[in-house]
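Derivation of every value follows stated rules applied to the coordinates shown; laboratory data play no part. Quick caveat, the model's predicted, so the values are computed rather than measured. For neighbour counting, all protein chains shown are included, and Cβ atoms are generated from backbone atoms with ideal geometry for every residue, glycine included.
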Protein chains: 2
Amino acid sequence: MLKVYGDSISGNCLKVKWVAEKLGAPYDWVETDVLAKATRTPDFLALNPAGQVPLVVLPDGRPLAQSNAIILHLAEGSDLIPGDSFERAKMFEWLFWEQYSHEPYVAVARFQVRYLGKAVSELEPRVVERGRAALQRLEDALKETDYLAGGRLSLADVALVAYTRVAHEGGFDLDDYPAVKVWVGRVEAELNIA
Amino acid sequence: MLKVYGDSISGNCLKVKWVAEKLGAPYDWVETDVLAKATRTPDFLALNPAGQVPLVVLPDGRPLAQSNAIILHLAEGSDLIPGDSFERAKMFEWLFWEQYSHEPYVAVARFQVRYLGKAVSELEPRVVERGRAALQRLEDALKETDYLAGGRLSLADVALVAYTRVAHEGGFDLDDYPAVKVWVGRVEAELNIA
């Protein structure tokens with residue numbers, strides 16, 4: 001069976017859980033506590049030299065890392081990946097943008113405030129500013145469309161909802177981004193995580 | 001024809017050029033000077049609200065951003081993408097890792113030193129440390145294999161060689177990573193960019 005090493009506080013890990021459940025794929029969840037350095041043990045590093053969760057071990061024993069690579073693999077051939085070549089490319093555009101321009105600010109702010117006990121006022125101004133820019137970019141896109149790619153739920157929505165839905169825990173106010181807020185509810189309902 | 005908005009000093013932009021040339025796909029290159037803020041003009045922002053290059057405009061007029069999303073789209077169906085599902089997943093793992101754990105350190109150090117005039121000694125210690133960790137992770141992988149995924153040249157090699165080959169411009173010494181150095185030469189030869 002698919003084995004998922006994940007920390008339940010991590011949106012990146014929850015993406016894998018949500019996709020597996022949406023697809024009805026059975027899996028074992030191995031809770032892996034990042035704050036307790038469970039990703040730095042020799043056993044874990046042998047599975048993923050990058051020392052990061054999520055990590056999956058496929059039924060044939062081969063490990064695979066990187067949340068978005070994992071969900072792409074799990075969802076291959078499903079309707080979570082647009083069939084149209086251009087819409088699929090737009091989905092990839094959002095997936096890479098998420099890891100480069102959204103997660104390092106929105107998720108990092110939330111981690112520092114909620115799990116490291118930093119005050120919102122102590123966050124690096126650059127983190128706050130870029131987190132707001134990322135949310136504004138989502139807002140601009142979601143004013144025009146209900147889903148990020150292909151006109152229906154795709155991995156782009158799954159990946160981007162993961163930290164957007166908890167952005168308030170890092171001091172961002174989703175009331176400033178009303179189309180994003182409605183979209184979060186829409187995606188949560190489709191994933192049964194509302 | 002495919003139109004590529006790119007800055008020739010950017011490895012992310014060169015990825016697109018290299019893949020188009022490797023595939024024999026004709027394109028027009030529109031030099032777009034990031035330092036001169038050519039990505040912040042209203043015309044450019046209308047094409048890419050994220051204000052980043054590379055950006056391509058496909059022959060049918062639709063824009064697509066994010067270097068790795070663009071090369072995935074251009075290379076669809078070619079042997080730059082492994083046919084085997086697991087090897088393709090490993091390629092994706094490297095592509096996402098590149099944008100999250102390599103580019104923000106190796107490319108950023110090089111940009112600050114070469115284009116903003118910072119001394120290597122003035123770089124943030126975190127940037128240097130994580131850049132070295134990224135190069136070490138590549139070294140560990142490339143001690144075992146000639147290519148990152150699928151046993152032959154793939155988009156994973158193209159994406160990762162882009163900033164690795166100029167890492168010395170940010171103060172990293174590829175002599176410390178001999179397997180990486182040999183791989184850079186191998187990939188450059190295959191891309192005809194040696």
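With +1 on each Lys and Arg Cβ and -1 on each Asp and Glu Cβ, and nothing else charged, work out how big the dipole of segment B:85-191 is about its Cα centre, in Debye to the nearest 20.
On the way: 14 positive and 18 negative charges, 34 e Å.
Approximately 160 debye in magnitude.
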>> Taking A:Ala38 in one copy and the same position in all the others, each labelled 7 Å out along Cα→Cβ, what are the pairwise distances from the first, in nm, shortest first?
In response: 5.0
> Which far-off residues, 5 or more places away or on another chain, put their amide H under 5 Å from the one on B:Trp29, with H placed in the peptide plane?
Replying inline: B:Val4
>> Consider the operator that turns chain A into chain B: which A residue has a Cβ nearest its axis, and what is that gap in Å?
In response: A:Gln99, 3
>> Averaging the inverse of every distinct alpha carbon separation and then flipping it gives the Kirkwood radius. What is it for segment A:65-117, in angstrom units?
In response: 12.7 Å
> Just going by the charge dipole of the protein assembly as shown, with Lys and Arg at +1 and Asp and Glu at -1 on Cβ, which of B:Val180, A:Ala156, A:Val57 is farthest out on the positive end?
Replying inline: B:Val180
> Using the per-residue mean of other Cβ atoms lying within 10 Å as a proxy for protection, in what order, highest first, do the peptides B:13-20, A:134-141 fall?
Replying inline: B:13-20, A:134-141
> In nm, to one decimal, how far is the modelled label at B:Leu58 from the one at A:Arg114, with both set 7 Å along Cα→Cβ?
Replying inline: 3.6 nm
> Non-local amide H neighbours of B:Leu55 (under 5 Å, H modeled in plane, Pro and chain starts lacking H): which ones?
Replying inline: B:Tyr5
> Long-range amide H contacts for B:Tyr147: which residues qualify at under 5 Å (H placed 1.01 Å from N, peptide plane, sequence gap of 5 or more or a different chain)?
Replying inline: none
>> Treating the point 7 Å from Cα along Cα-beta-carbon as the label, what are the nm separations from A:Val120 to the other copies, to one decimal?
In response: 4.3
>> Run lengths n ≥ 4 of DSSP H only: what is the helix-derived mean residue ellipticity at 222 nm for chain B, with -39500 (n - 2.57) per run over all residues, to the nearest 500?
In response: -13000 deg cm²/dmol
>> Can you compute the radius of gyration and Dmax for segment B:2-75, using only the Cα atoms, both in Å?
In response: 11.2, 33
> When a footprinting reagent is the concern and you count Cβ atoms within 10 Å, what order do B:Leu55, A:Leu174, B:Leu116 take, fewest first?
Replying inline: B:Leu116, A:Leu174, B:Leu55
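Would you kindly calculate the translational diffusion coefficient of segment A:112-171, applying Stokes-Einstein with the Kirkwood radius from alpha carbon pairs, for 25 °C and a viscosity of 0.890 mPa s, and quote it in µm² s⁻¹ without decimals?
Details: Rh = 12.9 Å.
Stokes-Einstein gives a translational diffusion coefficient of 191 µm²/s.
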> What average number of partner chain Cβ atoms lie no more than 10 Å from the Cβ of the residues making up B:100-106?
Replying inline: 3
> How long are the three semi-axes of the equivalent ellipsoid of segment A:85-191, in whole Å, if each is the root of 5 times an eigenvalue of the C-alpha gyration tensor, listed from largest down?
Replying inline: 24, 14, 12
> Which whole-number percent of Cα pairs in segment A:20-161 have a distance greater than 19 Å?
Replying inline: 61 percent
> What do you get when you divide the Cα radius of gyration of the protein assembly as shown by 2.2 N^0.38 Å, with N the number of residues?
Replying inline: 0.94
> Of all DSSP beta bridges in chain A, what percent run antiparallel (nearest 5)?
Replying inline: 55 percent
>> Suppose R0 equals 22 Å. What FRET efficiency, 1/(1 + (r/R0)^6) with r the Cβ-Cβ distance, do A:Glu31 and A:Ser78 give to the nearest 0.05?
In response: 0.25
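Just checking the output field for A:68-81: average partner chain Cβ neighbours within 10 Å of each residue's Cβ?
Numbers: counts 6, 10, 4, 1, 6, 7, 1, 0, 3, 1, 0, 0, 0, 0.
For peptide A:68-81, the averaged partner shielding equals 3.
How large is the charge dipole for segment A:1-74, taken about the Cα centre, if only the Cβ atoms of Lys, Arg (+1) and Asp, Glu (-1) carry charge, to the nearest 20 debye? Walk me through the intermediate numbers first.
On the way: 7 positive and 7 negative charges, 35 e Å.
Here segment A:1-74 has a charge dipole of around 160 debye.
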